[in-house]
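The values are calculated or read from the model by the stated rules, or taken from the named source; none is laboratory data. From a predicted model like this one, the values you see are computed outputs, not experimental measurements. Because the Cβ atoms are built from the backbone with ideal geometry, glycine has one as well, and the counts that use them run over all protein chains shown. These accessible areas exclude ligands, DNA and RNA; they are computed on the full protein's heavy atoms, side chains included. Shrake-Rupley method; radii C 1.70, N 1.55, O 1.52, S 1.80 Å.
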Amino acid sequence: LPVRSHDVAGTVLRRFRTVATALPDQLAVVSPSGRRTFAELDAESDAIANALANASSGDAPIAILLGHGVGGLVGLLGAMKVGRPVVPLDPLVPAARLEQILRVAGARCCLTDTQHAELANALRPALETIVDMAAALAAPRAGIARALPAGASMDVAVILFTSGSTGTPKGVAISHRSLLN
């Protein structure tokens with residue numbers, strides 16, 4: 001679907017849902033780890049959002065510690081659907097540094113997969129809750145259809161962390177509008 005100038009005034013999620021509704025059976029993502037149609041990606045990310053919303057409360061950012069590929073995208077969209085900023089964690093970064101990032105971001109909940117569960121558990125002092133992606137996807141999905149959070153284009157979608165020139169991680173807040181652009 002073509003992107004029109006008014007589309008950048010919304011959120012990533014509204015744009016995704018528009019495309020998923022218009023093209024449900026079209027492939028949305030293909031990677032060595034699998035492929036998903038827009039309808040499958042929407043349904044799986046709803047299941048992730050449901051698990052995250054049930055596991056954490058408040059308005060703190062949600063961390064994700066996932067690999068690249070289909071699972072990473074499902075997790076990112078699911079975390080965004082909770083309506084809070086998402087903090088992607090790089091599994092190649094040492095645990096002590098990831099703990100610093102979690103503290104600076106204020107993230108207390110983390111979505112992870114089997115491959116990264118050990119590292120996520122090593123971050124336990126900084127985390128209250130760890131949500132296992134496989135368990136979230138295996139949960140019964142009957143009736144799960146998440147309403148998209150009310151949001152504005154200038155709301156923070158993702159917080160990416162730089163190395164920081166002082167040795168302290170520095171977060172860069174990226175709005176939905178910036179991602180859409």
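The table for this structure:
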{"read-out": "Test set (1) in contact (Cβ under 8 Å) with a residue 24 or more places away in the chain; (2) surrounded by fewer than 20 Cβ atoms within 10 Å (Cβ to Cβ) - A22 fails condition number", "value": "(1)"}
{"read-out": "Condition broken by A147, with the remaining ones in (1) at pLDDT 90 or above; (2) farther than 19 Å from A63 by Cβ satisfied", "value": "(1)"}
{"read-out": "Exclusive hit being crowded, with 18+ Cβ neighbours inside 10 Å, at pLDDT 95 or above and hydrophobic (A, V, I, L, M, F, W, C), set V70, V131", "value": "V131"}
{"read-out": "Single unsatisfied condition, V93 versus (1) assigned to a helix (DSSP H, G or I); (2) more than 12 Å from the chain's Cα centre (by Cα); (3) not charged (D, E, K, R)", "value": "(1)"}
{"read-out": "Only listed residue being within 24 Å of T162 (Cα to Cα), of a type outside the set (V, I, T) and free of Cβ contacts under 8 Å to residues at least 60 places away in the same chain, chosen from L65, L41", "value": "L65"}
{"read-out": "Of residues in region 57-66 being of a type in the set (G, A, S) and over 13 Å from D132 (Cα atoms), the one least open to solvent (accessible area, probe 1.4 Å)", "value": "A60"}
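Table: residues versus (1) surrounded by 15 or more Cβ atoms within 10 Å (Cβ to Cβ); (2) among the polar types (S, T, N, Q); (3) modelled with pLDDT under 95.
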| residue | (1), (2), (3) |
| --- | --- |
| H116 | yes, no, no |
| A152 | no, no, yes |
| T168 | no, yes, yes |
| I174 | yes, no, yes |
